[in-house]
Amino acid sequence: MPRDDRLARLGACPASPARTRTDRGRARQRWWHYASFTVDGKRIGPLRIRGPELEEVFDDLARPKETGALFQAAHRNTGARTLAARTKTALAQEQRVRTFLAQRTAASTRAHTADDSKDQYR
């Protein structure tokens, strides 16, 4: 069997520059790989083979007009909140911490107002 027929049967092309459309040439090249095969007991390769692109495999499932709804559903399902809502929560938490620390400082100050300096160093 001629080499080109074996390559065609494998779905590969000889190692040569990829022929791509100019608008998608850079993205398409990442789907090209080099591989070696054993056919009829003989090593063939390295050959440049092309793997499937996502749009070729999943093109019928693509719904680019629905990406906005997908993001909204993902954010809703994960409980994501806006920056304003998260900032409001953070400010409230900071105020609670300040109040707690102020109370602890006041209590600590009151506890040490009595003259116990003589008892400290016994």
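The values are calculated or read from the model by the stated rules, or taken from the named source; none is laboratory data. In this text the structure is predicted, and so the values were computed from the model without any measurement. Side chains are part of the model used for accessible areas, which takes the heavy atoms of the whole protein and leaves out ligands, DNA and RNA. Shrake-Rupley method; radii C 1.70, N 1.55, O 1.52, S 1.80 Å.
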**For residue 49, distant residues with modelled amide H under 5 Å away** = 33, 34, 35
**Fill in**
Per-residue accessible area, 1.4 Å probe, largest first, puts 65, 88 in the order 65, 88
**Fill in**
Note: residue 78 to residue 56 extended length (0.36 nm per residue) minus current alpha-carbon separation gives 4.9 nm
